[in-house]
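**Student:** Dropping a structure here in structure tokens format, bear with me for questions.
The values are calculated or read from the model by the stated rules, or taken from the named source; none is laboratory data. This structure is a prediction, so every number in the text was calculated from the model and none was measured. Reconstructed Cβ throughout: ideal geometry from the backbone, glycine too, with neighbour counts over all protein chains shown. What goes into the accessible areas is simple: the full protein's heavy atoms, side chains included, and nothing from ligands, DNA or RNA. Shrake-Rupley method; radii C 1.70, N 1.55, O 1.52, S 1.80 Å.
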Amino acid sequence: MKILRNKAILIAIKNVKDKMRHWQYIFFSLGFPIMFTIMFYFIFGIEETPSGFTYFDFGFSGMIMYAIGLGTMNAAISFAGERNSGMLTRLDTMPTGRKNIFLGALISESLFLMFQIVIMFLMGYVILGLYFKGLLELFFGFLVAMLFGISSVGLGIIIASMSKNVQVANAFSLVVFMILIFLSGSLVPFESPIVYFTPPYWAKQIYLQLTIFGDGLNNNLYSSTFIGSSAKLIPIPIWGGLLIVLGYTTVFIFLGVIIFQKKTKF
Amino acid sequence: MSSDDNSVIIEIKNLKKHFKEVNAVDGISLNIRKGELFSILGPNGAGKTTLTRMLTTILTPTSGDATIKGFSILKNKDDIVRIIGVCPQDITIYDILRAEENVEFVASMHGMSKKDAREKTKKILGEFGIAGRKDWSKHFSGGMQRRLNLAMALVFEPEILFLDEPTAGLDPQARRLVWDFIGDLKRKDTTIILMTHDMVEAELLSDRIAIIDQGKIIAQGTPTELKEMYGSDNVLEISFFEQEHLELVKEKIAKISFITHWKEIDKDGNKSLLISFYGGLKNLISIIQQGFTGSIDNVEDLKFRQNSLEDVFLNLTGRRLRD
């Protein structure tokens, strides 16, 4: 298996081992969103909306983005830790290459994201029996969630670059992440133009319309999670929203790599 | 030795690194030969780590250049990292990984096959006495972590090895183990650059030594050459209650023929005199008789010892290596 000897893959394997051996990390990444999901389910779950779905059928998309968005913090902690432990410098004295370090980190974070999404799917759709249109739609929803997750990794790298140590990266990323999640209306939906400036809004809205309504790429997006009386269609179709998420992802990853390189190469 | 000498493997040319107002490395030029163990000896903050970081391509010099096996540290970083092993001063390991996972990971980064990486890892961990440990490295003692730190630099058998204070914090037994291992590497023709402030280590292991202080090389040579150049067989270190007493003794000993050097040392306002001289006990008694006649009560403390690299440093700078 030659591919397994690829340096980026070896770094990814090492990162995954590292993650899986921190129970606090596992709890924070998986336990925390699961806890929130159960809590929100019992608070809002049973009540039906005028459209026939339960509130939580709609709310779950926000929970997914919340869980995945934690990747921002995970990546920030991971990169800040690597830099502060001196391992990044040590890797620089080996024929590793920064390209492989970034690629390895991206692979391991993506693997973990997949794991997170699968756990959330099992929790929401299998255990709590939430509604989804079909498996194909769910798969597209999965891809959107992944894309958003990768943008969170990029944001995490930017935060790690600007933080002096792991503790600062942890606190800073938590603040940024919680602000983004709340302003996007992912946890508590609200109507405001500000939501359009946050990546989680677009990811959550696309995911919701794909998995609940089975909307196509040309359908327009709604202004909020609870597609009820107050929600309006906005003049941006799902494909436009996808481009916005893709744009955020590209910019965050690109900026993350550039800033991290600048701050760690002397 | 000229730069085109075939045996030169590292050539440092007027290397400088300035951080704002601090000249951490201030125009160092050196040639290091293939297969030699070259020590850079200096106190903390002398510029040893900065020099290592530049030579290992982590840090870009402010000016100057160095070549390692003909590769420039400015232009050929990728070629250099393939042939060097680096053991950093701070323990730099993945503490959540096991010892063999850490070492195998480094071996893999150097392109070793899985089988080779596993075999070499097993061998080196056995030699360092940490084979068979299945717990995570964070549970190791400080000494074991330091040995692991070193094992990670050696697993791929580099041609050139940079060791930055490799025995700092080790107990005497572990220190001896590391010294033996370095000795073995030397016999295998590995070029070793040892950064240390431990004069015993430098004297015991080195073929040649450069003494560095405030970013500059202040002396270089073999341990014997250095001791001959900046000292004699023995050293007498005397501290006085009053400065005037020191001056008095200086005048008296000026004419003694077997005294080769003397130097005033000032530490926290207390002056002492370092006297290097040839010969043994007979000459010591002679110095005391001639230099301290009627004034022995003015002597606060008197130390007699064999000349060491510490004394060379004292003679050169007026400070101790550990000051």
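**Student:** When the dipole is taken about the Cα centre of the stretch B:1-74, and only Lys, Arg (+1) and Asp, Glu (-1) are charged at their Cβ, what size is it in debye, to the nearest 20?
**Tutor:** Computed charge dipole of the stretch B:1-74: roughly 220 debye.
**Student:** Over all directions, the average projected area of the alpha-carbon convex hull for the protein assembly as shown comes to how many nm²?
**Tutor:** 34.1
**Student:** Lys pairs in the stretch B:69-205, Cα-Cα under 20 Å, at least 8 apart or on separate chains: how many?
**Tutor:** 17
**Student:** Rounded to the nearest 0.05, what FRET efficiency is calculated for A:PHE213 and A:ARG5 with R0 set to 45 Å and r the Cβ-Cβ distance?
**Tutor:** Here the calculated transfer efficiency is 0.50.
**Student:** Using the Kyte-Doolittle scale, find the helices of chain A whose mean hydropathy is at least -1.0 and whose Cα atoms extend 15 Å or more along the helix's long axis, counting only whole DSSP H runs.
**Tutor:** Those that pass (Cα extent of 15 Å or more, hydropathy at least -1.0) are A:7-20, A:32-44, A:55-84, A:98-121, A:135-162, A:166-183, A:238-264.
**Student:** Next question, about the same structure. Per residue of A:92-101, what is the mean number of Cβ atoms on other protein chains within 10 angstrom of that residue's Cβ?
**Tutor:** The mean count of partner-chain Cβ atoms within 10 Å per residue comes to 6.
**Student:** Hey, another quick one. Select from A:ASN218, A:GLN116, A:ILE238 the residue farthest towards the positive end of the dipole of chain A; place +1 on Cβ of Lys and Arg, -1 on Cβ of Asp and Glu, and compute about the Cα centre.
**Tutor:** A:GLN116
**Student:** Residues with amide H under 5 Å of B:TYR230's amide H, sequence separation 5 or more or different chain, H placed in the peptide plane at 1.01 Å from N; which?
**Tutor:** Result for B:TYR230 returns nothing.
**Student:** Rounded to the nearest 5, what % of the DSSP beta bridges within the protein assembly as shown are antiparallel ones?
**Tutor:** 70
**Student:** Can you tell me the dipole magnitude for the stretch B:30-146 around its Cα centre, using point charges on the Cβ only (Lys, Arg +1; Asp, Glu -1), in Debye to the nearest 20?
**Tutor:** 200
**Student:** Within chain B, what's the longest stretch lacking GluC sites (Glu not before Pro) that sit in DSSP loops with no more than 13 other Cβ atoms inside 10 Å?
**Tutor:** Free of exposed loop sites, the longest segment is B:22-241.
**Student:** Of all accessible surface on the stretch B:108-258 at a 1.4 Å probe, what whole percent is carbon and sulfur?
**Tutor:** Result for the stretch B:108-258: 50 percent of the exposed heavy-atom area is carbon or sulfur.
**Student:** Among B:GLN306, B:SER113, B:ILE93, pick out the residue whose Cα is farthest towards the positive end of the charge dipole of chain B, where Lys and Arg carry +1 and Asp and Glu carry -1 on C-beta, about the Cα centre.
**Tutor:** Toward the positive end, the furthest listed residue is B:SER113.
**Student:** Please compute the per residue accessible area over chain A with all protein chains in place, 1.4 Å probe, rounded to a whole number of Å².
**Tutor:** Ligands and nucleic acids excluded, the figure is 43 Å² per residue.
**Student:** So what's the back-of-envelope 222 nm ellipticity for chain B, counting only DSSP H runs of four-plus at -39500 (n - 2.57) apiece and dividing by all residues, rounded to 500?
**Tutor:** -10500 deg cm²/dmol
**Student:** Hey, rough spin-label estimate for B:LYS20 and A:MET162, points 7 angstrom out along Cα→Cβ, what's it come to in nanometres?
**Tutor:** 2.2
**Student:** Let me ask something additional. For the pairs A:LYS263/B:LYS16; A:LYS14/A:LYS164; A:LYS164/B:LYS216, flag any whose C-alpha to C-alpha distance is greater than 28 Å.
**Tutor:** Correct reply: A:LYS164/B:LYS216.
**Student:** Okay, next question. Please give the FRET efficiency for A:LEU122 paired with B:LEU74, using the beta carbon to beta carbon distance and R0 = 60 Å, rounded to the nearest 0.05.
**Tutor:** 0.65
**Student:** Going 7 Å from the Cα of A:ILE43 along its beta-carbon direction, which residues of the stretch A:180-204 have the amide nitrogen within less than 16 Å of the resulting point?
**Tutor:** A:181-190
**Student:** Accessible area drop of at least 30 Å² (1.4 Å probe, protein heavy atoms): which residues of the stretch A:11-27 qualify, relative to the chain alone?
**Tutor:** Flagged in the stretch A:11-27: A:LYS14, A:LYS17, A:ASP18, A:ARG21.
**Student:** Could you tell me what percent of the accessible area of chain A is made up of carbon and sulfur, with a 1.4 Å probe and every protein chain present?
**Tutor:** The computed percentage sits at 74.
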